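Quick notes on the structure that follows.
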Amino acid sequence: MNDRVLYLFLTIAGIFISYLVIKPIITLLVSTNSFHLLSYITSGLLVLFIFLIAILVNETLVTKANHLFKFILQSLAIFGVILCIVNLSRYIRDKLKT
């Protein structure tokens, strides 16, 4: 078996396993109307995907990829924490009104 075919098989198996793991989580998030969290996850994956495509296209970014990747992950984490704080404060405000 060629190494390329083995890597392709492992990649497809990894995607399938991650699909099976993530599907119940997404179903739970949709049933609880957590659309802000789903939007955050989707936008984060889109940013990471664009970053990886930019590294493949632009060879000068390869040397800075580690630093840029850390920066992107930190930015996504900060945005996620802010999003959680805003949603938690809205939840508490709505519970206090009722």
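The values are calculated or read from the model by the stated rules, or taken from the named source; none is laboratory data. Predicted model only: the values in this text are computed from it and were never measured. As a convention, Cβ positions derive from the backbone with ideal geometry for all residues, glycine included, and neighbour counts pool all protein chains shown. The accessibility values were calculated without ligands, DNA or RNA, using every heavy atom of the protein model including side chains. Shrake-Rupley method; radii C 1.70, N 1.55, O 1.52, S 1.80 Å.
Which value, in debye to the nearest 20, describes the size of the charge dipole of the chain about its Cα centre when Lys and Arg Cβ atoms bear +1, Asp and Glu Cβ atoms bear -1, and nothing else is charged?
Values: 8 positive and 3 negative charges, 90 e Å.
For the chain, the charge dipole is close to 440 debye.
Tell me the label only: which of (1) 1.00; (2) 1.11; (3) 1.06 is Rg/Rh (Cα atoms, Kirkwood Rh) as calculated from this structure?
Matching entry in (1) 1.00; (2) 1.11; (3) 1.06: (2).
Per residue, how much accessible surface does the chain expose to a 1.4 Å probe? Answer in Å², no decimals.
On the way: 8470 Å² over 98 residues.
Heavy-atom accessible area per residue stands at 86 Å².
Who wins for biggest fluctuation among F16, F51, F35 in a Gaussian network model of the chain, springs between alpha carbons below 10 Å?
In the Gaussian network model the winner is F16.
In the chain, with Lys and Arg counted as +1 and Asp and Glu as -1 at Cβ, which of these residues, N2, V21, S89, has the Cα nearest the positive end of the dipole, that is, farthest along it?
So the residue we want is S89.
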